[in-house]
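Enquirer: Before I ask anything, let me first share the structure, which is written out below as structure tokens.
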Amino acid sequence: MPNADIILQSSDLVDFYVHKSVLIVSSPVFRDMSSLPQPPNGAVPNALPVVHLSEDAETLDSLISILYPVPPEMPPSSDNILALLSAAAKYDMDAVQSSIRVEINRRGLLSSSPEEIFRVYAVACKKGLIPEMESSARLSLAHPLTFESLGDTLRSFDGRALRDLADFHLRSMRDFKSNLDSFFNLLEGPSKIWAGCSMVVGYKYPPYWLENFRHEIEKLSGCIWVHKDSLTNTIPTYAQLCDKYLKRLKEHLETTDCKFCPKVHALEGDRFREKLKDILAQVRNVPILMLGEK
């Protein structure tokens, strides 16, 4: 690097020639220049001070490339890009962290395969990356916490991180079931709008299509097949819920001469589906307890 005035040395002893001014602007950690070493007495004339860092050469190369007006060298794997994000957090580089998170979102690292989602969670826990840990934990609710879903990622987990994720899954599923019961309460819940269906015998009974819709949700999440606290249960997505709702309502209208439900759907259908979205939003707000916090 032309006119470089300091050397950053990686853990695998690769030297990177950089400018102090760039480090100072980018990182409060490097801002106190008194903490940076000076050439020792008797050193080679014009020798530059060397800062020994714990990051490897690949991570430092990527980190430094983001600091300069050149195309950044982003790591190819999710593990390495999370290591880069961890380094940026360690050195308090807010702008760099934002750039890396943009790249993470662009690559879809937090919404890919179940195994990748679990891997991101495991690595984020190790490196203390709270936003990535929380995002991946919530995305993992759509997948069962089983050996099949975890795959080789299981080796990436610390024991406590896996325990905390299992606890989060169980608490989220309990919350989902509780919200589901309230949602389908025909006296007080959002589903009471369907109570006037002519196909219903008695006010307290839901239309059969609505009951089938609830059955579809429970089947989708695994609630009716396994113990209520099983880690094989999952939380359906909003798109899945809407698909099941429209499918069951359509079947009802095609097989009956009901005039009530299509009117309710036209007037209240959007709000009804918004209430479905609220159920999922409440589940997504279940707190994630880190590192054994209780």
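The values are calculated or read from the model by the stated rules, or taken from the named source; none is laboratory data. A quick note: this is a predicted structure, and the numbers were derived from the prediction, not measured. When we count neighbours, we look across all protein chains shown, and the Cβ atoms used for this are built from the backbone with ideal geometry, even at glycine. We work out accessible area using only protein heavy atoms, side chains counted, and drop any ligands, DNA or RNA first. Shrake-Rupley method; radii C 1.70, N 1.55, O 1.52, S 1.80 Å.
Enquirer: Could you give the distance between the Cα centres of segment 241-270 and segment 149-179, to the whole Å?
Expert: That distance is 36 Å.
Enquirer: Also, I was wondering about something else. Would you calculate a helix-derived [θ] at 222 nm for the chain, using -39,500 (n - 2.57) for each DSSP H run of n ≥ 4 and dividing by the full residue count, to the nearest 500? List each step's numbers first, then the result.
Expert: On the way: 12 runs with 159 residues, N = 294.
Per the formula, -17000 deg cm²/dmol.
Enquirer: Hey, another quick one. How far is it, in nm, from the label point at ASP243 to the one at LEU154 when both lie 7 Å from their Cα along the line to the Cβ?
Expert: The two pseudo-label positions are separated by 2.9 nm.
Enquirer: What accessible area per residue comes out for segment 49-127, rounded to a whole number of Å², with a 1.4 Å probe?
Expert: 43 Å²
Enquirer: If you don't mind, there's one more thing I want to ask. For the chain, how big is the tail of P(r) above 37 Å, as a whole percent of Cα pairs? Write out the running numbers ahead of the final one.
Expert: Working: 16438 of 43071 pairs.
Roughly 38 percent, rounded to a whole number.
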